[in-house]
1. Taking the radius of gyration and the Kirkwood hydrodynamic radius from Cα positions alone, what is the Rg/Rh ratio for the chain, to two decimal places?
2. List the residues, sorted by chain then number, that are 5 or more residues from residue 533 or on another chain and whose placed amide H is less than 5 Å from its amide H.
3. Using the Cα centre of the chain as the reference point, and only Cβ charges (+1 on K/R, -1 on D/E), how large is the resulting charge dipole? Debye, rounded to the nearest 20.
4. Given 96/550; 92/545; 306/429; 439/561; 96/545, which pairs have Cα atoms separated by over 22 Å?
5. How much length would be gained if the chain were fully extended between residue 32 and residue 364, taking 0.36 nm per residue of separation minus their Cα-Cα distance, in nm to one decimal?
6. Would you grab the residues whose amide H sits under 5 Å from the one on residue 324? Only those 5+ places off in sequence or on another chain, please, with H modelled 1.01 Å from N.
7. With a Förster radius of 41 Å, plug the Cβ-Cβ distance of residue 545 and residue 315 into 1/(1 + (r/R0)^6) and report the FRET value to the nearest 0.05.
8. Probe radius 1.4 Å, ligands and nucleic acids ignored: give me the carbon and sulfur share of the accessible area of the chain as a rounded percent.
Amino acid sequence: MGNWIVNHGLTAFILAVWMGINIFLFVWFFFVYELQDRFYYTRHLLGSALAWARAPAAVLNFNCLLILLPVCRNLLSLIRGSFMCCGRTMRKQLDKNLSFHKLVAYMIGLMTAVHMIAHLLNVEWYNNSRQGVYDKLSTALSALEDEGNTTYLNPIRKTDIDPQQIPTYFVFTTIAGLTGVIITLALILIITSSMEVIRRSYFEVFWYTHHLFVIFFIGLVIHGAGRIVRSQSVTDPPHNYTLCKDRSDEWGRIPECPVPQFAGGFPQTWMWVIGPMFLYLCERLVRFIRYMQRVTYRKIVMRPSKVLELQLVKNGFKMEVGQYVFLNCPAISQLEWHPFTMTSAPEEDFFSVHIRSAGDWTDKLIRNNCCSCKVPFIYLWSLPRMGVDGPFGTASEDVFDYEVSMLVGAGIGVTPFASILKSIWYKFKASNPKLRTRKIYFYWLCRETHAFEWFADLLQVLEKEMEERGMGDFLTYKLYLTGWDQSTAQHVTVHFDQDTDVVTGLKQKTHYGRPIWDKEFEQVRKENPTSVVGTFLCGPEALGKVLEKKCVKYSDVDPRKTRFYFNKENF
């Protein structure tokens, strides 16, 4: 339990607070509409469906306030920068922004379903009351005339059409009904297109459909203007429902029972979402300004396994290790922006990204640029324009805050660690005294041998640099080939006794298969018995779950002993 608290304590506390607020809002507003006297007559028409409609609405307001904040990338970078003086655990929460965004979206989806079902029942019961299906009081309440939009209770006013068609007519002709249909359809499309299988295989569908959030928020703000849920207003003399509910025939005829008056509640949703909407508009303005700034090509290299390396230059661009940028190519799509971790070091006068073919957008980008890989520098100016938004901070930014770091990259997931390893080389070259890290373990898992060619030259330089400085123990790296054929196996067997690896040319031999993580964590703990170890992953979710469990398993509650902190890249 103590190990779990070390890695997940603050996250669990934040989620508990969020869930507690949701529960409080639901329960509070449920009992407001279920018990308050001013809703007595409304409850008589609708029963508990009134409370079941309004309580989720309050939870929806709260979560719609939150949903945009985790995707305000520049705001999060600003906050992350202000937390640099705070603990790494606090900054770590910002790296889980997309997970929280999804969690809030699930809550919005759930509450929307409850809210919608309850209101569908409400419309049916409003219609039945209007047709006189229920008791005398329901009929009297529904028959109240509309005098200046203050007297009536039942929002269904039209009675000259087929009673069976009235609910449909009401839903599609009132502000509340029509906007409710629009925002529900928008939400369904947004959520379904966000499924993992669609997002991975048809990213464009996910990207464009997600922008229906604009329609969702516009409809959400207008939705409450219909004021279909009405409560009893205070009158002089007052209308006492306990005395008058059974004397509807005498309403307005005796002083004790004046005709009850009703009014719709003041729309409140806009007050919840106006702040986040303004922040998001500022976010988009910042992105547009960055998009308009000029970006020039420095170099284009086509790497093995259909990986394109772009080296770019932008005035005033400053980065840290492990950060990422969003790229846009207007020649392919004006609206699509895709995140890529930078592989360059902050000490370099350019920034670079490695782009693997993984969909329509990346395929088109590679096709547009690969033919230019050998074009003289002067002709690079004629290449498609690139828009760059960023840089943005990630968990890997904190790698130098740990005494010991474990870096785990899978395939193209090695990119943030390339930036880190390059920066280490520059720091050693400049004899940087601020380098706090004293040990790095680097694990790279690849399915094919060609992938190792991306950064094998970098590892060779680092290997040589460490040996010359007598710091061979500073960097321990292990490369794992998880897929190979018979010819590869035979080639390795024949050249097994060579001093350098036949696959990478490095002194460190390539391992075949997958790491035994228990063995690796046990070794790190044994070699660093009193250290705080940062474990960083850029790779698949399944591997992340394994490493997260290992961090919990091998962490010690005693602060004087080894503790592992798990960090994962999230885009």
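The values are calculated or read from the model by the stated rules, or taken from the named source; none is laboratory data. Everything quoted here is computed from the prediction, not taken from an experiment. Glycine gets a Cβ as well: all are built from the backbone with ideal geometry, and neighbour counts include every protein chain shown. These area figures cover heavy atoms from the full protein model, side chains too; ligands, DNA and RNA do not enter into them. Shrake-Rupley method; radii C 1.70, N 1.55, O 1.52, S 1.80 Å.
1. Numbers: Rg = 31.1 Å, Rh = 28.0 Å.
When Rh is taken as the Kirkwood radius, the ratio is 1.11.
2. 563, 564, 565
3. Values: 61 positive and 52 negative charges, 237 e Å.
Magnitude of the dipole: close to 1140 debye.
4. Working: 96/550 19 Å; 92/545 17 Å; 306/429 32 Å; 439/561 16 Å; 96/545 14 Å.
Checking Cα-Cα distances, 306/429 exceed 22 Å.
5. Details: separation 332, 0.36 × 332 = 119.52 nm, distance 5.64 nm.
Once the chain is fully extended between residue 32 and residue 364, it gains 113.9 nm.
6. 342, 392
7. Working: r = 42 Å, r/R0 = 1.02.
So the FRET efficiency works out to roughly 0.45.
8. On the way: 17040 of 28010 Å².
Carbon and sulfur: 61 percent of the exposed surface of the chain.
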